Every structure is written in structure tokens, then in C-alpha cells.
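Engineer: Before I ask anything, let me first share the structure, which is written out below as C-alpha cells.
Every number in this text was worked out from the coordinates using simple rules, so none of it is lab data. Bear in mind that the values here come from a model prediction, so they are computed numbers and not experimental data. Backbone-built Cβ (ideal geometry, glycine too); neighbour counts: all protein chains shown.
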Ligand SMILES: Nc1ncnc2c1ncn2[C@@H]1O[C@H](COP(=O)(O)OP(=O)(O)O)[C@@H](O)[C@H]1O
Ligand SMILES: [Mg+2]
């Protein structure tokens, strides 16, 4: 095995591996990671069985049918994780499959972003308190939260499964099928990412107002609520897909946004949130306050149900941070009416409070005071 073939080109990780290689630490780390990856899969096996008879029963059955067609999983070259497409016999892409040990900075990442170590600095780049191999349960939880909150169609059905495929990457270079714990998601066909979509629109004669109203306000607000509650750290423009109006599930002839790649959510501490949909684009919706129905969703948030689900996924350590966000969000709605943009800034600042020696009260400071704090 030539270990360097597998490792990342990110300098600090490469340097760490080079340093450790001489004293076999790297091989010990590989062995430990392999044991952990196997143990994780086994720990999830019974819960995956439980999930199969839950609300996604029909999706699991369909997924099983597609896999039983035995078409090879096709690796997706795009992105930073190991991702594969499962297709049916008509050649239609049906599911995306992401093994949890092929995520960014995980042992078997096939895109030169692998390491056998679990260095704190990698976790830091992700989010404080997010386990490197824990993307599967987080992304499933994100989908479940959208369902609990009655936001159908925003997040494609996402679920954990144990899948066997020859296509999966393993640093040992073993041939044959490898059985892995994976996060799986319905594949959205006929979609383009929002960057391509908006670039096209901006090149046309369409005004900001015109393109804004092509995206339903309700969907826009639902995405905001999910981002705030989950403290989503991965909202860049390639992680939104847009389906055109001729798609069946699009209502009122409007475009529909789907949020994919939801692994960086529910951190143990609200540390880093990115909301590029709002910061990078001039959707007019953001200059409005939340609609009454969104306000109602937040005011009457079924936190207990969401927390129960988080516990099922082993996300107990993320509950306190979630509860804090709910509290702050509800309190923000209590005061003077704010625009979505202002709520977003305040939710974002929660993650910066600690560095400034402050707590969640930062969300309620007058804007002028916040500007002063963040100038320094
Ligand atoms: N549900 C989906 N439907 C269609 N395409 C998808 C879906 N999920 C991911 N993809 C495609 O696969 C690419 C990589 O997936 P993503 O989940 O974003 O992985 P990464 O962690 O590597 O960023 C995406 O940019 C997108 O093109
Ligand atoms: Mg992505």
C-alpha cells in the first residue's frame, strides 16, 4: 500500500502524516480508524433496521429494489466526499450514496482529502463538536427536522443504510464488494445547482424582483428556518439544486429549491453557520419580515419531538445548542419586527459570541453596538 496515494494534498495534514510515518504512528492510526469504522457500522445496524419500517418505509423498499438491479454504483467526481449514484435499469439516476468513512478528512476519502488522524484542527474547520464520521446521522436528522416542521420537498428524503459495493473506496486497495454505513438521498433529476441557475438568470433581462419571485417565498423562508435551527455550515451555492417549473412537484409554476449535502448541521456548539443563499444573492424576500406562517412555525416549534429524534441519532451532545438557538429565535420574534436578513445576522453572530467573550445576549444588542464589537 502506498499510503501517500490516498492522502490529502492539504499541507498541514500531509506534514502531520510525514512526521508520523517514521514511527509507525500512522499505521496504528489506520488500524484504530478501521476498527472504529467497523464498530460504527455495527452500532447502526439495528437502528437502520428500525428506520426501514419508519416513515421512509416505501423509500427504503424502493432503494432496495434499485440496488437489487445490481447496476454498479457510479462515483461522482464533483465535490469533496466519496459519493456514488445508484441507477435503475432504465439508466435513470435514483439515489445518491455517501459512505460515512469517505467524508472529508475521513480515512477512506477518495478525493485526496483523507487522513487517518482525527486532528482537532480538521474538526475545527468543520464545526466545533462535529464528529468526522458522523455526517450520516446529521444529514438524516436534518431531513427529519424538515418533515417534523411540515416543510415537504425542501430536503430530498435522506436516510441511513448499510450498502455493499465494489465501487467504494478503501485505502487498502482491496477489490470486491465493501460493506459500508452510508447516508443516502433521493437523486433529484432535471435539476441544476443554484449558481448555474442564477448566473443564467442574471445574464438575461430578468430583474432582481422578477427572479426573486420565481422562488416561492415559503420555500425561501423554510430554508432560512432550517439553516438557523440546524446551524447549517454548508450552504454554498452547489449545495442547492433548482428544479424547473415543469417538474411534477413544483407548485404554481414556480421553481423549487432543494437543499442537498446536509452533513454539517447540529454542532455541539453553535459555532459556524453559513447562509450563502441569503448573503450571496439579492432575493428580495430577505428584506421582508417572516410571513405569519413562518413565525407561527417558530413560535409553536415542536422542540420536544425534534430533540427526541436527535437522541435517536445519538446527537444528545448537540441538544443544548439547539435549544439555545430555538430560545434566541423565539425571543428575536418577540421584539420589534425584524427583516429575515437581520434575524440571519443575529443568528450568525451567536457563533461569534464566544470569541468576543460574550454569550447569546449578543443576538439582542442594538445594531450600532454590534457594528462596534465586530469592527475591532
Ligand atoms: N440528491 C441529489 N440529487 C442530485 N444530485 C446530487 C444530490 N446530492 C448530491 N448531488 C450531486 O453530487 C455532488 C456532490 O454531492 P454532495 O452531497 O454535495 O457532496 P460533497 O460532500 O462532496 O460536497 C453535488 O454537487 C451534486 O451535483
Ligand atoms: Mg457539497
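Engineer: What is region 36-180's relative contact order, in percent, from Cα pairs under 8 angstrom and six or more apart in sequence?
Structural biologist: 19
Engineer: So what does the Cα-only Debye profile of region 271-376 read at q = 0.09, 0.11, 0.18, 0.23 Å⁻¹, as log10 I(q)/I(0), no solvent term?
Structural biologist: Treating every Cα as an identical point scatterer, log10 I(q)/I(0) equals -0.26, -0.39, -1.03, -1.39.
Engineer: If you don't mind, there's one more thing I want to ask. Calculated FRET efficiency, residue 47 and residue 292, Cβ-Cβ r, R0 41 Å, to nearest 0.05?
Structural biologist: On the way: r = 38 Å, r/R0 = 0.92.
Efficiency, from the Cβ-Cβ distance: 0.60.
Engineer: If you find the alpha carbon centre of region 146-207 and of region 328-376, how far apart are they in angstrom?
Structural biologist: 33
Engineer: May I pose another question? How high is the relative contact order of the chain, in percent, counting Cα pairs under 8 Å that sit 6 or more residues apart?
Structural biologist: Numbers: 569 pairs, mean separation 53.6, N = 376.
Relative contact order here is 14 percent.
Engineer: A further question follows. Of all DSSP beta bridges in the chain, what percent run antiparallel (nearest 5)? It would help to have the intermediate numbers written out before the result.
Structural biologist: On the way: 26 of 27 bridges.
Of those bridges, close to 95 percent are antiparallel.
Engineer: Out of 110, 177, 244, any idea which swings most in a Gaussian network model of the chain, alpha carbons joined below 10 Å?
Structural biologist: In the Gaussian network model the winner is 177.
Engineer: Compute the separation of the alpha-carbon centres of region 32-96 and region 252-293 and state it in Å as a whole number.
Structural biologist: Each part's Cα centre sits 27 Å from the other's.
Engineer: Return, ordered by residue number, the residues of region 130-155 whose backbone nitrogen is under 15 Å from a label point located 7 Å along Cα→Cβ of residue 80.
Structural biologist: 130-135
Engineer: Let me ask another. Relative to the first principal axis of the alpha-carbon coordinates of the chain, what is the inclination of helix 303-312, with its axis defined by its Cα atoms, in degrees from 0 to 90 and to the nearest 10?
Structural biologist: The two axes meet at around 10 degrees.
Engineer: Where is the GNM fluctuation largest for the chain (alpha-carbon springs, 10 angstrom cutoff): 324, 35, 221?
Structural biologist: Of 324, 35, 221, the Gaussian network model singles out 35 as fluctuating most.
Engineer: In a Gaussian network model over the chain where Cα atoms closer than 10 Å are linked, find which of 95, 348, 287 has the largest mean-square fluctuation.
Structural biologist: Answer for the Gaussian network model of the chain: 287.
Engineer: Which of 236, 169, 285 comes first, and how do the rest follow, when ranked by fewest Cβ neighbours within 10 Å? It would help to have the intermediate numbers written out before the result.
Structural biologist: Values: 236 15, 169 20, 285 23.
With the fewest neighbours first, 236, 169, 285 line up as 236, 169, 285.
Engineer: Regarding the chain, what's the average projected area of the Cα-atom convex hull, expressed in nm²? Can you show the working numbers first?
Structural biologist: Details: hull surface 81.3 nm².
For the chain, the mean projected area of the Cα convex hull comes to 20.3 nm².
Engineer: So what's the back-of-envelope 222 nm ellipticity for the chain, counting only DSSP H runs of four-plus at -39500 (n - 2.57) apiece and dividing by all residues, rounded to 500?
Structural biologist: Details: 14 runs with 159 residues, N = 376.
Only helices count here, giving -13000 deg cm²/dmol.
Engineer: If you don't mind, there's one more thing I want to ask. For region 192-375, what relative contact order do you get, as a whole percent, if you take Cα pairs closer than 8 Å and at least 6 residues apart? Working shown, then result.
Structural biologist: On the way: 214 pairs, mean separation 41.0, N = 184.
Computed value for region 192-375: 22 percent relative contact order.
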